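What follows is a single structure, written as structure tokens, with notes after it.
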Amino acid sequence: MTSLGINIDHIANVRQARLTNEPDPVQLAYLAELGGADGITIHLREDRRHIQERDLRLLRQTVGSRLNLEMAATTEMLEIALEVQPDMVTLVPEKREEITTEGGLDVAENKKTISNFIQNLKSKNIPTSLFIDPVSTQIEASMEVGAKWIELHTGSYASSKWNQQKIEFSKIKEGVVKAKNLGLRVNAGHGLTYQNVEPIASIEGIEELNIGHTIIARAIAIGLKEAVKEMKHLVLNPRQEHLF
Ligand code: PXP
């Protein structure tokens, strides 16, 4: 059975738009878990554009499922991960100018650095997953650097249509078979939506899907009417006794 990791970065995006304390990803992670999340995923970016270190440290204490920390392979992030000890680290490529993670990690070109990272994290019993494109060279390189897990990037599948989507789907399916044959455990994610998730969820061998944007978007759509009703009630029925 495929499990579901919820990426809650977008909750923090809304908070950071106002630099206030709501919505709080730490509090709302609990609702995601109540809804059935098997894990909570956050990306602590170098530029701290959404998730903050405070979120990571509190979520480490409050998440009852599993905490997956996405991060770039930098010395700063390694120190934070070794100290906070999430349940899993997913190494992702990171560029300051990107809107979201573009493309997978180039493991084949950075074997030594990534292997050192994995060993360092292993010393604290933190398993590492490598976020890679579904291509043979990267899957083989992931095995060679000692990763136990990979996360296959579903972004190209998600953003393509018709025949091209079929081709991208086959790449993921073949990637899973290849990875399993090499003894790797496989997650997948990025760009998955309510419309395109089912074919990916039905691939044998994928253990977990990490999904964020579409779920937060849906939460706004489902919750907006109630939120407006609550505010309308206050506006129409203000308490007469003032608190100040
Ligand atoms: N997996 C990884 C490695 C990611 O970087 C992201 C986006 O932060 C996701 C999954 C989730 O992608 P989305 O928000 O498009 O569902």
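FYI, it's all coordinate maths here, none of it is from the lab. Quick caveat: nothing in here was measured; it's all calculated off a predicted structure. Virtual Cβ from ideal backbone geometry, glycine too; neighbours counted across all protein chains shown.
For residue 206, no residue whose modelled amide H falls within less than 5 Å of its own remains once neighbours fewer than 5 places apart on the same chain are excluded.
What's the magnitude of the charge dipole for the chain around its Cα centre, counting Lys and Arg as +1 and Asp and Glu as -1 at the beta-carbon? Answer in Debye, nearest 20. With Lys and Arg at +1 and Asp and Glu at -1, about 300 debye. For region 76-162, what log10 I(q)/I(0) values come out of the Debye formula at q = 0.14, 0.15, 0.19, 0.20 1/Å, with one point per alpha carbon and no solvent? With one equal scatterer per Cα and no solvent, log10 I(q)/I(0) is -0.50, -0.57, -0.87, -0.94. Looking at the calculated P(r) for region 115-244, what percent of the C-alpha pair distances fall above 25 Å? Beyond 25 Å sits 44 percent of the P(r) for region 115-244. Annotation: amide H-H contacts under 5 Å for residue 135 (H modelled 1.01 Å from N, sequence separation of 5 or more, or interchain): none. The value obtained for region 34-111, namely the Cα convex hull volume divided by the number of residues, is 116 Å³ per residue. Sequentially through region 92-99, phi angles give Karplus couplings (6.51, -1.76, 1.60; θ = phi - 60°) of 10, x, 9, 10, 4, 7, 7, 7 Hz, Gly and Pro residues having no value and appearing as x. Ranked by how many other Cβ atoms sit within 10 Å of their own Cβ, fewest first, the residues 57, 239 fall in the order 239, 57. Direction-averaged projected area, Cα convex hull, region 148-197: 3.2 nm², rounded to one decimal.
Within the shell defined by Cβ-Cβ distances under 14 Å, the residues around residue 98 carry a net charge of -3, with Lys and Arg each +1 and Asp and Glu each -1. Peptides 86-99, 129-142 ranked from most to least packed, by the mean per-residue count of other Cβ atoms within 10 Å: 129-142, 86-99.
A simple rule links phi to the HN-Hα coupling: the Karplus curve 6.51 cos²θ - 1.76 cosθ + 1.60 with θ = phi - 60°, which for region 75-87 gives 4, 4, 5, 4, 4, 5, 4, 5, 6, 7, 6, x, 6 Hz, with x for Gly and Pro. Normalising the Debye intensity of the chain to I(0), with uniform scatterers on Cα atoms only, and taking log10 at q = 0.13 Å⁻¹ returns -0.80. Think of the chain as having a plus end and a minus end, set by charges on the Cβ of Lys, Arg, Asp and Glu; of 43, 128, 193, 193 sits farthest toward the positive end of this dipole.
Computed from backbone phi with θ = phi - 60° and the Karplus coefficients 6.51, -1.76 and 1.60, the 3J(HN,Hα) list for region 22-29 is 9, x, 9, x, 5, 5, 6, 4 Hz; x is used for glycine and proline. Near residue 192: Cβ cut-off under 14 Å, other residues only, Lys/Arg at +1 and Asp/Glu at -1. The net charge is -3.
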